[in-house]
Amino acid sequence: MNDLNLYVLQLLIVGAVVAALVWRTNIVYRFQVCGWVLLNYVIVLRYGPVGQLEFYSNDQRHFTNVVETLVSGSFTSEFEWWLSSVRIPFTFPATVLSFVGVDPALSLKTTSLVFLLGTTHLVLGAVNHAQTSRRSVITYLTAIGPVGVFFASLAQRDTSLMFFATLLVVKQSPLSRSMAVAMLLLLRPHLAASLVLGWLCVYTTRFTKPEGRWLPFRAVAIIVAGSLFGYILFSLGVMYETNATEYFGHSFGVRPVTRILANFIGLQFLASSAASIEFSVAQLLMARIPLSETIVIPTLFTALTVVGRHITRRSKWILWSFSIYVGLVTNTDFNSFRQNLPFMPIMGLCIVGKFQALRQSNSPSSSRGSHAET
């Protein structure tokens, strides 16, 4: 049996096992597993077991090498390698699967699928039971549909970031939140820092500003302040690492402002430098059609937080955190929607909650307490 046939056989076995575990839940999980199997089959058929690691992102090759190194026992004891290269929350489960004979790349993709299923469980559990009839809309608006399945079909950490970011926001127990922050620190430290700092900003400003009616200038003020905060943090971090006396990722002006604002509507490539993108704007826009959530979710979230009369504390937290995060990542040469994926499910939950509150406030039989903080 050649490598391709063996890989496909393992893919079908893994898919069947996972499907059997989730089949009795609901159609969202079934869609995710079936879509994952089909997409992985198409990818490996088109590129082969080795070439598939270069599809979309060569980060897959790095994580596959990490798993192979851990399985072989030839890893180093250097703390820096374990901290910055291994990404333990993502690669450790895949290593366990590889130990029992699953292909390293497939074990990583399986881990990605499990994290997607976990995110789905958190999202559906956080949505009001009255919304269950609108599962297709919720699935789309929380990025657990097509875009989630796409990234679960890759051997990279994106769905694990989605899961732990959602866990941090949805669960309120100190233990769950502490674990989520610890995992995010291991997976993407600046994401963890942004979410923690965003929470601190909301927690401190609640004592200094009256809640009252939410006004557009308050949302704009958060976006500006958060972006500047992230910008300064990036500079301070680089100065600390390099012992430089002064460092700024970019000069103030129109270009950094447009790069930051582009993230709030999911069109980062429109403000990227030509050297950092391989395709034309038309090609990139066409590629976004099947993954349109990556534009719809941040655009809707931004619009609702700017023009809404009332927003929840959760929405303020996400707005602060995302603004800080964008201020950090736009200092780098590469800024894509993939970097912002961890925010998509939690932004989506804010959108769904807002729509639910609007329906309740417009319903004659509803009570008028629908703007409670969450």
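Worth a mention:
- Between the alpha-carbon centres of the range 80-152 and the range 330-364 there is a gap of 18 Å.
- With Cα atoms, 0 to 90° folded angle of helix 88-99 axis to the chain main axis: 20
- Helix 313-329 and the long axis of the chain differ in direction by around 60°, with both axes built from C-alpha atoms.
- FRET efficiency, Thr25 to Val137 (Cβ-Cβ, R0 25 Å, nearest 0.05): 0.85
- In the chain, lysine pairs closer than 23 Å at Cα, eight or more apart or cross-chain: 5
- Pairwise FRET efficiency - Asp333 versus Leu200, Cβ, R0 = 25 Å, nearest 0.05: 0.30
- DSSP loop trypsin sites (Lys or Arg not before Pro) with at most 12 other Cβ within 10 Å: longest gap in the chain: 25-212
- Taking other residues whose beta carbon is less than 11 angstrom from the beta carbon of Gln10, and scoring Lys, Arg as +1 and Asp, Glu as -1, yields -1.
- DSSP loop GluC sites (Glu not before Pro) with at most 11 other Cβ within 10 Å: longest gap in the chain: 79-210
- Taking Cα centre as origin and charging only the Cβ of basic (Lys, Arg, +1) and acidic (Asp, Glu, -1) residues, the dipole magnitude of the range 1-187 rounds to 780 debye.
- Net charge contributed by nearby residues that have their C-beta within less than 14 Å of Met347 (K/R +1, D/E -1): +2
- The modelled label-to-label distance between Val307 and Arg213, using points 7 Å beyond Cα along the C-beta direction, is 1.7 nm.
- Over the range 43-168, relative contact order from alpha-carbon pairs under 8 Å, at least 6 apart, %: 28
- Here the simple spin-label model places points 7 Å from the Cα toward Cβ, and for Ile88 and Leu270 these points are separated by 4.3 nm.
- 19 Å reach of a label modelled at Ala16, 7 Å along Cα-to-Cβ, counting backbone N of the range 38-64: 38-42
- Cα convex hull of the range 1-187, projected area averaged across orientations, nm²: 11.3
- The GNM of the chain, with springs linking C-alpha atoms under 10 angstrom apart, assigns the highest mean-square fluctuation among Ser321, Ser57, Ser292 to Ser57.
- With the simple spin-label model, which puts each label point 7 Å out from Cα in the Cβ direction, the Val96 to Asn2 separation comes to 3.5 nm.
Computed from the coordinates by the stated procedures, all read-outs in this text should not be read as laboratory data. In this text, all values refer to a predicted model and were calculated from it rather than measured experimentally. Cβ: placed from backbone, ideal geometry, glycine included. Neighbour counts: every protein chain shown.
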